[in-house]
Amino acid sequence: MSHDHDDHAHHHHTASGSTLLWATLLTLGFAAVEAGVGLWGGSLALVADAGHMVNDAAALLLAAGAAWLAQRPPSLRHSYGLGRAEFIAALINSLGLLALIAWLTISAVERLQSPQPVMGEAVSITAAIGLAINLLVAWLLARGEQNLNTRAALLHVMGDLLGSVAALLAGLVITFTGWTPIDPILSLLIGALILFSSVRLLREALHGLMEGAPFDIAPEEVGKALAAVSGVASVHDLHIWQVKAGETLLTAHLVVKDIVQWESVLDASHALLEERFAIHHATLQPEPMIRTVQWRTRTVQDHEDDAHDHGHAEQADPRKEMP
């Protein structure tokens with residue numbers, strides 16, 4: 001069953017990498033056309049959209065590379081595999097989006113202060129074609145495997161799709177009204193929309209790299225559920241983290257009432273983790289109930305006794321005796 005699961009995962013990662021590669025080629029090809037028309041037509045929204053598409057292409061290539069690394073089998077050096085490459089790719093992609101938003105904001109403010117003529121018709125036609133390309137790429141990504149890596153790539157494309165809509169609207173408004181400030185205003189609006197999702201993606205990527213527990217799993221609930229398993233007295237040293245998006249790992253110490261019953265307790269604990277929390281990789285260590293820990297506050301007399309014992313130890317130390 002483990003072999004079938006590995007083959008299934010391998011198939012999904014291969015399909016994901018192929019989809020990302022086709023999406024990259026479509027995005028990069030049209031970005032060159034859009035950048036040329038934007039510079040020729042004087043549209044900041046179109047140039048910004050082209051820059052976003054180039055950023056998308058880099059993000060898609062990075063995501064494709066991460067998908068390829070994630071499908072590599074575990075080794076002695078990397079016993080969990082290389083799935084964490086997805087978190088690294090998402091981190092770089094989110095930082096790239098933030099850099100693009102910063103550039104877009106600065107350019108839009110400059111354009112508002114110094115308006116420039118824009119060829120509305122050329123911008124509208126090019127933006128309409130770009131919108132169709134982005135819809136196709138978004139469809140390819142949405143129908144593929146969904147993980148943090150493809151979500152990062154899809155976020156780039158959705159932001160670019162909004163950019164194409166903004167450029168199209170800007171071109172139409174300029175064509176029919178001649179009001180050029182609509183171009184940088186819409187650019188700022190799109191930047192603000194992308195900013196929210198970019199920060200959220202950055203947070204998730206950093207959380208994964210710092211081995212945080214998945215946001216959809218509450219560690220305290222997992223601990224209480226394990227402690228409620230028949231035969232378990234208490235749970236401690238509970239750790240939950242992800243090696244990659246969708247693959248959660250857990251380790252914990254279970255204090256059991258009867259060590260002889262450990263095998264049945266272990267089976268029940270694994271079943272609970274799989275069915276209720278979708279945790280399929282758990283390492284559980286048993287501990288018998290043979291020790292009782294009592295907590296009390298140290299008194300002044302305790303400290304005096306320690307100092308007295310320490311003095312006797314120094315006098316008895318043969319290394320401090322003269323030869």
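The values are calculated or read from the model by the stated rules, or taken from the named source; none is laboratory data. Here the structure is a predicted model, which means the values were calculated and not measured. Please note: Cβ atoms are built from the backbone with ideal geometry, for glycine as well, and neighbour counts cover all protein chains shown. Ligands, DNA and RNA are excluded from the accessible area calculation, which covers all protein heavy atoms including side chains. Shrake-Rupley method; radii C 1.70, N 1.55, O 1.52, S 1.80 Å.
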Check: Taking the stretch 64-77, which residues are part of a loop (DSSP other than H, G, I, E, B) and surrounded by 14 or more Cβ atoms within 10 Å (Cβ to Cβ)?
Finding: Gln71, Arg72
Check: Do any residues in the stretch 279-298 that are at pLDDT below 95 have Cβ atoms under 6 Å from those of residues that are open to solvent by 100 Å² or more (accessible area, probe 1.4 Å) and part of a loop (DSSP other than H, G, I, E, B), where the two are at least six apart or on different chains, and which pairs are they?
Finding: Met289/Lys257
Next item on the list: Name, by its number, the condition in (1) touching a Gly at 6+ places or on another chain (Cβ under 8 Å); (2) more than 24 Å from Ser79 (Cα to Cα) that does not hold for Trp241.
Entry: (2)
Checklist line | Filtered residues of the stretch 23-35 (kept if without any contact (Cβ under 8 Å) to a residue 40 or more places away in the chain and open to solvent by 40 Å² or more (accessible area, probe 1.4 Å)) | finding: Leu25, Leu28, Gly29, Ala32
Check: Does Val118 satisfy the criteria of being modelled with pLDDT under 80, of a type in the set (A, V, I, L, M, F, W, C) and either open to solvent by less than 10 Å² (accessible area, probe 1.4 Å) or touching a His at 6+ places or on another chain (Cβ under 6 Å) (or both)?
Finding: no
Notebook entry, point to check: Before we move on, is Leu172 part of a helix (DSSP H, G or I) and closer than 19 Å to Leu98 by Cα?
Noted result: no
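If the requirement is being closer than 30 Å to Gly29 by Cβ, open to solvent by less than 20 Å² (accessible area, probe 1.4 Å), of a type outside the set (Ser, Thr, Tyr) and modelled with pLDDT of 80 or more, which of these qualifies: Ile174, Ile185? Spell out the reasoning first.
Details: Ile185 fails: open to solvent by less than 20 Å² (accessible area, probe 1.4 Å).
Selected residue: Ile174, the only one of Ile174, Ile185 that is closer than 30 Å to Gly29 by Cβ, open to solvent by less than 20 Å² (accessible area, probe 1.4 Å), of a type outside the set (Ser, Thr, Tyr) and modelled with pLDDT of 80 or more.
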Next item on the list: Search the stretch 193-221 for residues that are farther than 17 Å from Asp160 by Cα and pair each with any residue that is open to solvent by less than 30 Å² (accessible area, probe 1.4 Å) and among the aliphatic types (A, V, I, L, M) when their beta-carbon atoms are under 6 Å apart and the residues are at least 6 apart or on different chains.
Entry: Ala205/Ala90; Ala213/Ile240; Pro219/Ala213; Pro219/Ile240
Next item on the list: Considering only the stretch 230-263, state which residues are small (Gly, Ala, Ser), outside any strand (DSSP E or B) and over 25 Å from the mean Cα position of the chain (by Cα).
Entry: Ser230, Gly231
Notebook entry, point to check: Which of the residues that make up the stretch 232-254 are out of contact with any Phe, Trp or Tyr (no Cβ under 8 Å at 6 or more places or on another chain), of a type outside the set (S, T, N, Q) and open to solvent by 20 Å² or more (accessible area, probe 1.4 Å)?
Noted result: Ala233, Val235, His236, Asp237, Leu238, His239, Trp241, Gly246, Glu247, His253
Item checked: Positions within the stretch 255-274 being open to solvent by 40 Å² or more (accessible area, probe 1.4 Å) and among the polar types (S, T, N, Q), in sequence order -> Gln261, Ser264
Next item on the list: State whether one or more residues within the stretch 275-286 are over 26 Å from the mean Cα position of the chain (by Cα) and open to solvent by 40 Å² or more (accessible area, probe 1.4 Å).
Entry: yes
Notebook entry, point to check: Under 7 Å by Cβ, and 6 or more places apart or on different chains, what pairs join a residue from the stretch 104-117 that is closer than 25 Å to Gly159 by Cβ and acidic (Asp, Glu) with one that is open to solvent by less than 40 Å² (accessible area, probe 1.4 Å) and assigned to a loop (DSSP other than H, G, I, E, B)?
Noted result: none
Next item on the list: State which residue pairs qualify: first residue free of Cβ contacts under 8 Å to residues at least 12 places away in the same chain and inside the stretch 245-264, second residue among the charged types (D, E, K, R) and surrounded by 14 or more Cβ atoms within 10 Å (Cβ to Cβ) in any location, beta carbons under 6 Å apart, and separation of 6 or more residues or different chains.
Entry: none
